[in-house]
Each structure stands twice: as structure tokens, then as C-alpha cells.
Amino acid sequence: QATSYSLFIVGFTALVGTLKHYRIGNLQIKSGIIFAIPSVFSLLLMRKLILPSIPSHLFDIGNFHFTKHILIMVVFATLMIAASFSMIRTIVLDKDKRPVSFIQLGIIGFLLGLVTGFLGAGGGFLIIPALIFFAGLPMKQAVGTSLLIIFINSSIGFAADFVGEKTMDLKLLTSITLVAVVGMFIGTAISKKIDGPKLKPAFGWFILVLGIYIIINELFINHI
């Protein structure tokens, strides 16, 4: 339920961000659509077939119970840490202009759709590096275009989860979404004042710290 709700919150927030970035010229629609189409198929595959087949309880190590929830969070954090290294250590690539590889972009989109469906997250921490390296986008355009992809993926994923669903905590969804939208406006305003080459490593360090915290929290602190 948490992953389903997060798809709505992330998707709605991404829509607001997409419109904001479109107005300031930070949106590459063609690259976004090429990335999004295969990712939608893989996202639905994950949400409808693969994820429901994973048991809630996986295995025990002594008194430690490794559950589906822990698996999702550890995979989430591990991918964040891996993505953070690519953002931190390749700053010089911002100066390179590489041709767009739409085939590679589509393949990466398919893989990222699996990740989005599994984690219930927009996957922006992975989409942004992919757009930088495979579509040759500068940091700010990668951020804007990633929001379009996140909106498409998250909206379809949420709709697929809640077709015919009658029990939905609208108060919770509305309150968190409103706070997230406010954060989106603040973040977009701040991004206008920061150079792209400086924003990229800062983003990398942020997701590195967050990924390490999640792993420590899930594997150690929650079980003390």
C-alpha cells in the first residue's frame, strides 16, 4: 500500500515540476517519451506479475527476519548509492557532447520501469544519470525531463494498482502531496540559482548519504 500511495504522490508532484520546467526550457520531450514508453510496459509487468509473487517473509538469520519490505528498501538504497557514485565522480563529462543513443535510452527505460514498479518510487535518482549519459542532456534538462518520465510511470502504476480499489486514505494522500508540491516549487526556484555542474555532484552526495542511512536503518537500527 505504501508503494502504491508513493506512486500517486510522486506522480502528482512530478506533474507540477514538469510544467514548471517546461516553462523555463528544461524539458526534452522526445528523449522523455522514448525513455517512458518501454518503462511503462516493464513497470506494469513488475506491479502486476512479479511483485505480487514475492512472499512477505523471505528468510530468517537468527532473530533477524528478512522480509519483502526490507528487500525493497535495501535494493532501493543500494541503487541510490550506485547512482550517487556516477554523479559524483564524472563531473568532467558535463563538458562532453555525445550523440543521443535512443536504443540504449529505450533499454535503460525498460530496466528503470522494473525498478520503479518494484520500489514504488519515481526512480529519478537513476533516471537523471541515464539521461545525462545516454541522451547527452545537461543536468538541469535531465532533471526536467526525468519529471515527465516519472509522471507518466507513476500515474500509470498507481492507476493499475487501484483499478476497482475502494479503500483509499484520501486525507493522507492529499496532505503529503500538498507538502511535496510546495517542496517542488521551492526546489525549482533554488535550481535556477545554482549552476548545473555544481548541482550534479551535490545531488550525488545527497543520495549517497540517504542510501547509506536507509541501509543502516533497515538492517541494524530497526532490529536493535
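Just one residue in the set Leu105, Leu111 is open to solvent by less than 10 Å² (accessible area, probe 1.4 Å) and modelled with pLDDT of 75 or more; that residue is Leu105. Restricting attention to region 166-224 and to residues that are more than 25 Å from Phe8 (Cα to Cα) and basic (Lys, Arg), the residue that is surrounded by the most Cβ atoms within 10 Å (Cβ to Cβ) turns out to be Lys200. Quick check: is even one residue across region 83-93 part of a helix (DSSP H, G or I), among the charged types (D, E, K, R) and either farther than 23 Å from Trp205 by Cα or modelled with pLDDT of 85 or more (or both)? Within region 83-93 (the criterion being part of a helix (DSSP H, G or I), among the charged types (D, E, K, R) and either farther than 23 Å from Trp205 by Cα or modelled with pLDDT of 85 or more (or both)), the answer is no, since none of the residues qualifies. Among the residues of region 60-80, is there at least one that is charged (D, E, K, R), out of contact with any strand residue (DSSP E or B) (no Cβ under 7 Å at 6 or more places or on another chain) and assigned to a helix (DSSP H, G or I)? Within region 60-80 (the criterion being charged (D, E, K, R), out of contact with any strand residue (DSSP E or B) (no Cβ under 7 Å at 6 or more places or on another chain) and assigned to a helix (DSSP H, G or I)), the answer is no, since none of the residues qualifies.
Scanning region 29-50 for residues that are among the hydrophobic types (A, V, I, L, M, F, W, C), surrounded by fewer than 21 Cβ atoms within 10 Å (Cβ to Cβ) and either more than 13 Å from Ile103 (Cα to Cα) or in contact with a Ser or Thr (Cβ under 8 Å, 6 or more places away or on another chain) (or both) yields Ile29, Phe41, Leu44, Leu45, Met46, Leu49, Ile50.
When only residues in region 54-81 that are open to solvent by less than 60 Å² (accessible area, probe 1.4 Å) and without any contact (Cβ under 8 Å) to a residue 12 or more places away in the chain count, which is farthest from the chain's Cα centre (by Cα)? Among residues in region 54-81 that are open to solvent by less than 60 Å² (accessible area, probe 1.4 Å) and without any contact (Cβ under 8 Å) to a residue 12 or more places away in the chain, the one farthest from the chain's Cα centre (by Cα) is Phe66. One residue stands out in region 140-165 among those that are at pLDDT below 80, open to solvent by less than 40 Å² (accessible area, probe 1.4 Å) and of a type in the set (A, V, I, L, M, F, W, C): the one that is farthest from Leu119 (Cα to Cα), namely Phe162.
The values are calculated or read from the model by the stated rules, or taken from the named source; none is laboratory data. Keep in mind the model is a prediction, meaning the values are calculated, not measured. No Cβ is skipped: glycine too gets one built from the backbone with ideal geometry, and neighbour counts run over all protein chains shown. Accessible surface is based on the protein model in full, side chains and every heavy atom, while ligands, DNA and RNA are left aside. Shrake-Rupley method; radii C 1.70, N 1.55, O 1.52, S 1.80 Å.
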